[in-house]
Amino acid sequence: MPEQFAADWLALREPADHAARPDQLAQRLAEELPTSRTLHIADLGAGAGSNLRYLAPRLPSPQQWWLIDHDDELLTRARATEPTTAWPGAMRLTVTPHAADLTDFPACLPAAVDLVTASALLDLVSDDWIQRLADYCTAQGLPALLALSFDGRMALWPALPDDALIKAAVLDHQRGEKDMGRALGPDAAAMADAAFSRRGATVIRRRSDWRLTPAQAPLQRLLLQGWYEAAMARRPAESERLNAWLAARLTDVGRSHIHVGHQDILALPCRG
């Protein structure tokens, strides 16, 4: 993904992400975390810092965040846009960007932490990676909050005949090879739930769906373009139909609604 497209995409999706997330998971997590000392948090695949901006005001302070990502440009953006003094606890917040390859988890962690969190990451990783995440968190007694994993549910209104073609191709692409191996795609949330549960953690799973309206036209356009490119990568022989689908969809953006299914997972360590 080109850097500017990635930055634009992350900026446009942040309000939709924050609106979709179930606040009760952050509230439940806050009850499990230490309040008598600085809270140490590792944010995996931190990107431009959206997860920090959502979660920091909802957790006890003071906080030390390590924003872990392979993209130095996005980490620079994250550091420049961390929560400000508009949030009362922001003066007790320390943010440290950490450029690292997440493939090497848990070696990519810069220090001992109290919480592992991630947003829009799990559907990009492999089963082996999720097993290592669950192994580490449960062995260390750490909670994990893993947000906004795409779960395969896609719906568009008004409907078009080739929506089904696009959906099948996108789901196929989601399960393809990514930077961290063969991705779990829409199966990621269920696989993470099972991995943590098998190791004795208490797992709470909630939906965090996008419900995009015509008012979110710029985000809709980038989402449709992304789906189109994923479908073209998997169904090049269907390029004529895919081109026609994209043209029709972009024409409809001013009146269309898009529903994208995500899931958030909170895994709490076994206390006994």
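Remark: pairs (first residue in the stretch 247-272, under 26 Å from residue 186 (Cα atoms); second residue aromatic (Phe, Trp, Tyr) and open to solvent by 60 Å² or more (accessible area, probe 1.4 Å); Cβ separation under 9 Å; 6+ apart in sequence or on different chains) = 256/157; 257/157; 258/157; 259/157. Given the structure, is residue 165 surrounded by fewer than 20 Cβ atoms within 10 Å (Cβ to Cβ) and either in a helix (DSSP H, G or I) or among the β-branched types (Val, Ile, Thr) (or both)? When the stated conditions are applied, residue 165 passes them. Just to be sure, is residue 194 closer than 22 Å to residue 24 by Cα, part of a helix (DSSP H, G or I) and among the small types (Gly, Ala, Ser)? It is true that residue 194 is closer than 22 Å to residue 24 by Cα, part of a helix (DSSP H, G or I) and among the small types (Gly, Ala, Ser).
From the list 133, 146, 142, 171, the one residue that fits, being of a type in the set (A, V, I, L, M, F, W, C), within 21 Å of the chain's Cα centre (by Cα), assigned to a loop (DSSP other than H, G, I, E, B) and buried (at least 17 other Cβ atoms within 10 Å of the Cβ), is 142.
Beta carbons closer than 9 Å, at least 6 apart along the sequence or on distinct chains, pair a first residue in the stretch 55-73 that is free of Cβ contacts under 8 Å to residues at least 60 places away in the same chain and among the aromatic types (Phe, Trp, Tyr) with a second that is open to solvent by 30 Å² or more (accessible area, probe 1.4 Å) and in a loop (DSSP other than H, G, I, E, B) for 65/82; 66/110; 66/111. Here the stretch 64-103 is the region considered, the condition is being out of contact with any Pro (no Cβ under 7 Å at 6 or more places or on another chain) and among the small types (Gly, Ala, Ser), and the residue that is modelled with the lowest pLDDT is 86.
The values are calculated or read from the model by the stated rules, or taken from the named source; none is laboratory data. All values reported here derive from a predicted model rather than from experimental measurement. Methodologically, a virtual Cβ is constructed for each residue, glycine included, from the backbone with ideal geometry; neighbour enumeration extends over all protein chains shown. Ligands, DNA and RNA are excluded from the accessible area calculation, which covers all protein heavy atoms including side chains. Shrake-Rupley method; radii C 1.70, N 1.55, O 1.52, S 1.80 Å.
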